[in-house]
Amino acid sequence: MRKDKTIKSTTLIIAIIFTSMLLGYIIGGMFSNINNSNDIQINVGQASTKDKVNINRASLEELEVLEGIGKTKALNIVKNRPYNDKYELLSKNIIGKEVFNKHIERWVVE
């Protein structure tokens, strides 16, 4: 009788340890990039979020992945082409100053 209780207790302890390890692995993987979010790259085709973005030629998908742009602003950028310089994004009220400034080094017009 005592041996059965010992086996059940040991099995329970092993199950708890395994479950804890599994949960730690899952939760740790979910949040591992939070502090390094500036290093994360999202690739769409050949472009990444660190590449220059030609606002006269970029696809909707290339524009959408930029932080603060999304589908609606990407569509507005495309619909209001051509641009003579990147500051027309502001003067034509396509995007706000804050979003423009986030990507000011990326925007190019060719």
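The values are calculated or read from the model by the stated rules, or taken from the named source; none is laboratory data. The shown structure was predicted, so the numbers you read here are calculated from the model rather than taken from an experiment. Cβ sites come from the backbone with ideal geometry, for glycine too, and all protein chains shown count toward neighbours.
Numbers at a glance
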| item | result |
| --- | --- |
| Matching residues, the stretch 46-58, being modelled with pLDDT under 95 and surrounded by fewer than 16 Cβ atoms within 10 Å (Cβ to Cβ) | 46, 48, 50, 51, 52 |
| Single residue of 101, 93, 84 found to be free of Cβ contacts under 8 Å to residues at least 12 places away in the same chain and assigned to a loop (DSSP other than H, G, I, E, B) | 93 |
| Index of the failed condition, residue 21 passing every other in (1) among the aliphatic types (A, V, I, L, M); (2) modelled with pLDDT of 75 or more; (3) farther than 26 Å from residue 97 by Cα | (2) |
| Residue among 84, 43, 38, 33 that alone is modelled with pLDDT under 95 and surrounded by fewer than 10 Cβ atoms within 10 Å (Cβ to Cβ) | 38 |
